[in-house]
Amino acid sequence: MKWTSILSLILIFSACKKSDNPSDYRDQYTGEYYCHVEIRRTTMTGVEITEEYKTVHVTKATADNEVVILGYEVPIDKKGEFDHSKKINGFRFFSLSFNPEDSLYISNNIGGLAEYTTKYYKGKKKYLLK
């Protein structure tokens, strides 16, 4: 009888143990987004604008406050916003924001003074598209 009581207590306390994986705020932003991308290429002779549609994957990075997007590890806060004062490798400008319910907005700029390319991404989470 004593062993049964001890075993019961062990099972109860192990079942009540806190989860090893507490809720991660980045979970609401991860997934696939179907994006409209406007590409503006500026040169000495003018501006060329093209458009395309692209699937953008967002996954969690190894750092607790970062997501991987477009192949870059980008820090975001709990509101899904990127600190625009920070630099992302290779970009003159990088902007990222999420609407946690469904949307993604990215703009980035790469290049020099005489020639540069700016891309604007506006996307919806794929599971919302029907």
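The values are calculated or read from the model by the stated rules, or taken from the named source; none is laboratory data. Keep in mind that this is a model prediction, so the values were computed, not measured. FYI the Cβ positions are ideal-geometry reconstructions off the backbone, even for glycines, and counts take in every protein chain you see.
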Report task. Could you please find all residues in the stretch 53-76 being closer than 19 Å to residue 94 by Cα and in contact with a Cys (Cβ under 9 Å, 6 or more places away or on another chain)? Result -> 54, 55, 56
Query raised in the report: Scanning for something assigned to a strand (DSSP E or B), farther than 15 Å from residue 39 by Cα and at pLDDT 85 or above, does the stretch 111-121 turn up at least one residue?
Result: no
Query raised in the report: Which one of 98, 82 is more than 21 Å from residue 47 (Cβ to Cβ) and in contact (Cβ under 8 Å) with a residue 60 or more places away in the chain?
Result: 98
Query raised in the report: Restricting attention to the stretch 39-63, which residues are among the charged types (D, E, K, R) and either closer than 21 Å to residue 112 by Cβ or free of Cβ contacts under 8 Å to residues at least 40 places away in the same chain (or both)?
Result: 40, 41, 48, 51, 52, 60
